[in-house]
Amino acid sequence: MKHRTGSDRNTTRGWARQTQMVRAGSMRSDFDEMSEALFLTSGFAYETAEEAEARFDGRAEGFTYSRQTNPTVAMFEERMAVLEGTDVGRATGTGMAAMTASLLAGLKAGDHVVGARALFGSCRWLLDELLPRYGIETTLVDGRDLAAWKSAVQPNTKVFFLESPANPTLEIIDLRAVADIAHNSGARLVVDNVFATPVLQRPIEQGADIVCYSATKHIDGQGRCLGGIVLCDKKFDEDFLYPYYRHTGCAMSPFNAWVMLKGLETMGLRVHAMCDGAETVAEAMADRIEDVRHPSLSSFAQRELALSQMDRGGTMVVCELPGGRDQAFRFLNALEIVDISNNLGDSRSIATHPWSTTHKALGEAQRLELGITPGLLRLSIGLEDPRDLVADISAALGAAGL
Ligand SMILES: *Cc1c(COP(=O)(O)O)cnc(C)c1O
């Protein structure tokens with residue numbers, strides 16, 4: 001591989017973020033291709049037995065097996081690490097593989113994790129079911145309550161885990177304050193930054209130690225491939241993450257990494273256009289119904305905190321229809337443009353009813369405790385013309401009797 005400017009961190013770290021999203025991490029092969037090459041290969045060959053030995057020892061640079069690293073995947077990892085401001089990125093097959101790796105890699109039986117209770121459904125399952133099964137204690141707190149984080153700390157607390165804004169209620173957690181509490185307790189702060197995207201929020205600058213993404217969402221951004229990534233410092237990678245990653249086999253496919261690289265080139269433009277749409281839709285909906293949530297709205301309870309740690313309010317709009325599940329279903333069934341689906345961050349707008357789909361596994365009491373009511377709807381605003389989205393959503397609200 002020719003190491004042009006894209007793989008020289010002294011250069012790429014100095015670039016503006018938009019330039020990093022287009023070029024950081026790029027490497028060229030001897031064919032001088034413009035677009036990143038797709039190395040769809042499971043393994044690599046060596047000229048000599050000595051070279052094989054040297055690469056396995058780490059004395060010689062080069063690739064050995066795509067479960068560990070692959071040139072296309074390495075370009076995606078490097079682009080994300082530069083963008084996020086970490087030493088290392090490890091790309092995984094899905095977002096959940098990234099979340100699981102960020103937790104399991106560095107924990108053992110007898111450790112303790114404090115998590116915000118408002119988490120993506122599968123992240124909640126990790127904390128509620130999987131970790132306790134292996135002797136790792138977990139405590140869930142209201143992430144907005146700083147005193148609750150403090151009082152949940154135990155001598156064996158190793159990790160704080162949270163997501164902000166939270167899925168699907170858009171609760172905002174004060175990243176800087178929670179990072180300080182974690183560090184005073186000797187714990188690492190892991191942030192699931194999917195809702196905010198790397199474009200709008202930089203948790204590492206606010207004190208987080210590890211940032212995870214589902215690349216399936218805004219990074220691909222066009223609803224094609226699953227993927228995830230864990231971003232961390234060199235020490236956590238060497239001590240915990242890389243051994244876990246290479247031996248448990250959670251690697252990303254080179255094909256998916258190639259799609260993600262192409263996605264990153266347009267992510268900044270897409271996310272800002274989606275924010276424009278989300279702001280327009282939220283304002284239009286707020287004229288019709290009482291409970292509409294988007295951090296750009298003056299009625300948003302945590303507006304000041306949200307906009308102090310995010311550049312903009314994000315691509316998701318949440319609302320609660322007063323008529324509960326029946327009204328929510330009538331609204332969904334009347335949509336003509338916006339699709340009923342459960343993905344998010346796609347260029348196509350998507351409406352989700354968390355009560356009956358993404359968060360159903362939580363049980364009724366837990367859903368209500370999180371503010372996930374039968375009337376709650378989550379809208380992921382895509383790249384359609386916002387005027388068409390407002391017309392579609394307004395008509396559907398009318399059809400639902402609002
Ligand atoms: C989608 C999502 C995940 C899981 O990602 P997958 O790619 O679907 O495995 C984790 N956290 C949040 C906040 C998500 O939205």
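The values are calculated or read from the model by the stated rules, or taken from the named source; none is laboratory data. The model shown is predicted, which means the values in this text are computed figures rather than measured ones. Cβ sites come from the backbone with ideal geometry, for glycine too, and all protein chains shown count toward neighbours.
Using the structure shown, decide if VAL281 is assigned to a strand (DSSP E or B) and within 25 Å of ILE219 (Cβ to Cβ).
no
Any idea which of VAL199, VAL194, VAL211 is under 30 Å from LYS262 (Cα atoms), within 13 Å of the ligand (Cβ to nearest atom), within 16 Å of the chain's Cα centre (by Cα) and not in a loop (DSSP other than H, G, I, E, B)?
The conditions single out VAL211.
Restrict the check to segment 154-173 and report whether at least one residue is closer than 30 Å to GLY375 by Cβ, modelled with pLDDT of 95 or more, out of contact with any Asp or Glu (no Cβ under 9 Å at 6 or more places or on another chain) and among the β-branched types (Val, Ile, Thr).
For segment 154-173, residues closer than 30 Å to GLY375 by Cβ, modelled with pLDDT of 95 or more, out of contact with any Asp or Glu (no Cβ under 9 Å at 6 or more places or on another chain) and among the β-branched types (Val, Ile, Thr): present.
Looking at (1) of a type in the set (A, V, I, L, M); (2) buried (at least 24 other Cβ atoms within 10 Å of the Cβ); (3) under 28 Å from LEU376 (Cα atoms); (4) more than 15 Å from the chain's Cα centre (by Cα), which is the only condition VAL73 fails?
(3)
Considering segment 220-242 alone, what residues qualify as being part of a loop (DSSP other than H, G, I, E, B), surrounded by 23 or more Cβ atoms within 10 Å (Cβ to Cβ) and either within 10 Å of the ligand (Cβ to nearest atom) or among the charged types (D, E, K, R) (or both)?
Matches in segment 220-242: ASP220, GLY227.
Which one is nearest to LEU231 (Cα to Cα), of the residues in segment 167-180 that are of a type in the set (A, V, I, L, M) and surrounded by fewer than 23 Cβ atoms within 10 Å (Cβ to Cβ)?
Here the answer is ALA179.
Just to be sure before I move on: is GLN154 among the polar types (S, T, N, Q) and surrounded by fewer than 16 Cβ atoms within 10 Å (Cβ to Cβ) in the structure I sent?
Yes, satisfied.
Kindly indicate which of ALA328, ALA257 is surrounded by 22 or more Cβ atoms within 10 Å (Cβ to Cβ), among the small types (Gly, Ala, Ser) and more than 22 Å from THR100 (Cα to Cα).
Among ALA328, ALA257, only ALA328 is surrounded by 22 or more Cβ atoms within 10 Å (Cβ to Cβ), among the small types (Gly, Ala, Ser) and more than 22 Å from THR100 (Cα to Cα).
Please state which one of GLY115, GLY135, GLY110, GLY95 is modelled with pLDDT of 95 or more, within 22 Å of MET21 (Cβ to Cβ) and not basic (Lys, Arg).
Only one candidate passes the filter, namely GLY95.
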